[in-house]
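The values are calculated or read from the model by the stated rules, or taken from the named source; none is laboratory data. Bear in mind the structure is a predicted one, so any value in this text is a computation, not a measurement. Here the Cβ positions follow ideal geometry from the backbone for every residue, glycine too, while neighbour counts run over all protein chains shown. These area figures cover heavy atoms from the full protein model, side chains too; ligands, DNA and RNA do not enter into them. Shrake-Rupley method; radii C 1.70, N 1.55, O 1.52, S 1.80 Å.
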Amino acid sequence: MMKVAVTGATGFVGSRLVQRLHDAGHQIKVFARNPERARKVFPESAYGQVEVVAYTPQQSGNWQTEISGCDGVINLAGEAIAERWTPERKKEIMNSRALGTEKLVEAIAMAPVKPKVMVSASAIGFYGTSETAEFYETSEPIKQDFLSQVCQAWETAADKVTAHGTRLVTVRIGIVLGMGGAIAKMLTPFRLYAGGPIGSGKQWFSWVHRDDLVNLFMQSLTDENMSGIYNGTAPHPVRMADMCDALGKVMNRPSWLPVPDFVIETLLGDGAIVVLEGQKVLPERTQSTGFSYTYPKIEAALRDIVVE
């Protein structure tokens, strides 16, 4: 049993992760900007041992003392990107990840009893977008667009934790599939019998089922041989057109009517770049750990999600 601190716990991935940690018998500290909301998401009747800590992620404060004595830290905090990126919003997106992680590392540095491991999220946006390149954990960014800059700053902040003797695992997350997040909004055209290739259809869709991603975080927490960068993506990325064909098949809907860019931009804002452009990301180091995917292929993943 471990005592685990989790930031971003009430989000799409974090809420499932806390459930898994709870089911495994770990003690959990949820660090939340809105403690009341967190207590509703994790009610005492169902999550008796979950402790909610109020924190200000981009500011030093008393919350930082709560890190001492934790065996592990899982860092998922970050503002949503699926909206319009005004200059102010870009600043919030960047600071929520880079500055928030910096303050978390600061807390670890001050802790009399330091965590043995920090598992920190990043994203495949690190690599930039391409229709032809393949990206592995060792690949360098090919573009310096906004998302790549955010991911690089995010990872740089996390890297400093190793100076304090804490093992660091950084997971570059792909498009997470589950009944929520981007995929939930992409289902709407198919439900209306108006689904089909999104954008050009040629862009790569590097995805991961939410449960596989949570399993990767769980393994990263306990496997002392893991450190450094791991791609949190399934081993079989697909072109967007192929993903839409699979989705149509699973939903028993046609997949022939192209979905214009502006429809996805309306749903996802500037964050639509995640699905309108793409990159082929392969989890080479992830697989080298012996990690086993429950959903390695897109159709099985979508079938599980649609019937959830």
Seminar exercise, completed: Across the stretch 25-37, the tally of residues that are under 26 Å from Ile183 (Cβ atoms), assigned to a strand (DSSP E or B) and in contact (Cβ under 8 Å) with a residue 24 or more places away in the chain stands at 1
Problem set entry | Residue list for the stretch 123-163, restricted to those being polar (S, T, N, Q) and not in a helix (DSSP H, G or I) | Thr129, Ser130, Thr132, Thr138, Ser139, Gln144
For this session: Considering only the stretch 250-308, state which residues are open to solvent by 80 Å² or more (accessible area, probe 1.4 Å), part of a helix (DSSP H, G or I) and not basic (Lys, Arg).
Result: Phe262, Thr266, Glu284, Gln287, Ser288
Exercise. Got a sec? Which of Glu83, Glu44 is among the acidic types (Asp, Glu) and either surrounded by 17 or more Cβ atoms within 10 Å (Cβ to Cβ) or farther than 23 Å from Val176 by Cα (or both)?
Worked result: Glu44
For this session: Quick one: in the stretch 105-164, of everything that is aromatic (Phe, Trp, Tyr) and surrounded by 23 or more Cβ atoms within 10 Å (Cβ to Cβ), which residue is farthest from Ala77 (Cα to Cα)?
Result: Phe135
Exercise. Any idea how many residues of the stretch 164-197 are of a type in the set (S, T, N, Q) and not in a helix (DSSP H, G or I)?
Worked result: 2
For this session: Kindly establish whether Gly228 is surrounded by fewer than 17 Cβ atoms within 10 Å (Cβ to Cβ), within 26 Å of Met94 (Cβ to Cβ) and among the small types (Gly, Ala, Ser).
Result: yes
Seminar exercise, completed: With the first residue restricted to the stretch 1-24 and required to be over 12 Å from Met218 (Cβ atoms) and touching a residue at least 40 places away in the same chain (Cβ under 8 Å), and the second required to be of a type outside the set (A, V, I, L, M) and assigned to a loop (DSSP other than H, G, I, E, B), Cβ contacts under 6 Å at 6 or more apart or on different chains are Lys3/Cys70; Lys3/Asp71; Ala5/Cys70; Phe12/Gly180; Gly14/Gly8
Exercise. So, in the stretch 227-241, of the ones that are over 14 Å from Pro283 (Cα atoms) and not in a strand (DSSP E or B), which residue ends up modelled with the highest pLDDT?
Worked result: Ser227
